[in-house]
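Chemist: Handing you a structure now.
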Amino acid sequence: MDKLFDSPWMLRIASLLLAGLLFFYIQTEANRQNENGTSNETDVITNVPLEVYYDDENLFVTGVPETVDVKISGPTPIVLKTKLEKDFKVFVDLNSLLIGEHSVTIQQENFSEKLEVAIEPRTINIEIEEKITEEFRVEPEMNNRLVAEDHFVKGMKAEPGRVSITGAKSVIDSISYVKATVTGEKGLNKSFEQETTVKVLDRDLNKLDVRINPEKIKVQVEINEYSRELPLTIKEIGEANEGVTIEKLTVEPSKIAVFGTKASLDVLDHVEVEVDLAKITESGSYEFEVAMPTGATKLSKNKIMIHATVISEQVNIEESTDSQVDADTNVDEAEGNN
């Protein structure tokens, strides 16, 4: 036996075995210490979805956050594994609660027993109410400053014009506005159609927690050029021809549409038609151009008709002669009778 241990090969083998045993012992101890929390880590998993269990066909719950933050502390490998796999869940079970206000604690499942778990917030104040559905008319809207200066919104139409809104009875009762806001670039000058999201607001313009069906609708926007209908007035220029007496001038139509910016058109009260009297020689209809008012961009008609009633001096002379002849005849007949 002594000879066996005196052998250098046996000493080498024994040393190798002892070294291996020591290595495995150290590894086992390190793993055991890690699992026992000697090497711990703390981390926060943010925006964890919060599941809610309740009778969602007949009830509506408010006050439940969509997500919570979960703080976990424990052995580093378990913390890393939990954060990576996220095979846990956080939830509130409201099935046993009645209609009304409640303070409930958020629960957790599938976390390792070796972890300390803290949920923020841990408790939430919720309200369970009767769920109702009502129809509301959608009011389309758009900022008028998006429209080109010489245009205006003639009308807007929502399609569909009504939507179904589902929520807690108290919330439905607080609805003041159901709007579909149209957006766009400045300088809009043509009619268009746009799909937009429906917004439900209370009287203070706070967005309400409701379900909308459909959530998006189409809005048709009709944009026209700004115009005003103004009366036409006649402005006589020039002089009538010799022997022509213009007794009356009338304009047809009596009004005309003028296009331009609102600021330019709002100061106008009429549109002038310059009538050159020298062009009128007899009774009848004459076409004249309409003068473009300052600030206007176009007119619905560039030319209009002027109806003239004319009395010529030749006719007056003939009428005077006839009258004189009639007078002389009457005198002669009177003298003969005497």
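Quick note: the coordinates plus some simple rules give every number you see, no bench work behind them. Only a predicted model underlies this, so the values are computations on that prediction, with no experimental measurement involved. Every residue, glycine among them, receives a Cβ derived from its backbone with ideal geometry; neighbour counts consider all protein chains shown.
Chemist: For segment 186-251, what's the relative contact order in percent, using C-alpha pairs closer than 8 Å and at least 6 residues apart?
Modeler: Reported as a whole number, the value is 34 percent.
Chemist: Same structure again: Which of the pairs 89/199; 190/262; 248/301; 131/157; 169/199; 154/218 have their Cα atoms more than 28 Å apart in this structure?
Modeler: Pairs exceeding 28 Å: 89/199; 131/157.
Chemist: Using only alpha carbon pairs under 8 Å that are at least six residues apart, calculate the relative contact order of segment 139-295 and give it in whole percent.
Modeler: Here the relative contact order equals 23 percent.
Chemist: Separation between the residue 89 and residue 294 pseudo-spin-labels, each 7 Å from Cα along Cα→Cβ, expressed in nm?
Modeler: The answer from the label model is 7.7 nm.
Chemist: Now a separate question. What three numbers, in Å, describe the spread of the alpha carbons of segment 94-189 along their principal axes, ordered from the longest?
Modeler: Principal-axis extents of the Cα atoms in segment 94-189, largest first: 71, 32, 18 Å.
Chemist: Need one number: nm distance between label points at residue 113 and residue 252, each 7 Å from Cα along Cα→Cβ, rounded to one decimal.
Modeler: 10.5 nm
Chemist: Okay, moving on. Counting every Cα pair in segment 222-289, what percent are over 16 Å apart?
Modeler: Value for segment 222-289: 56 percent of Cα pairs lie more than 16 Å apart.
Chemist: Please compute the modelled spin-label separation between residue 202 and residue 179, points set 7 Å along Cα→Cβ, answer in nm with one decimal.
Modeler: 1.7 nm
Chemist: I want the local charge near residue 55. Using Cβ-Cβ distances under 14 Å, sum +1 for each Lys or Arg and -1 for each Asp or Glu among the other residues.
Modeler: Cβ neighbours under 14 Å give a net charge of -4.
Chemist: Something else about it: Evaluate the relative contact order of segment 42-121 (contact order divided by residue number), counting alpha-carbon pairs under 8 angstrom at least 6 apart; express in whole percent.
Modeler: Relative CO of segment 42-121 lands at 39 percent.
Chemist: What residues of segment 219-261 lie in the reach of a label at residue 272, counting those whose backbone N is under 11 Å from a point 7 Å from the Cα along Cα→Cβ?
Modeler: Those under the cut-off are 233-237.
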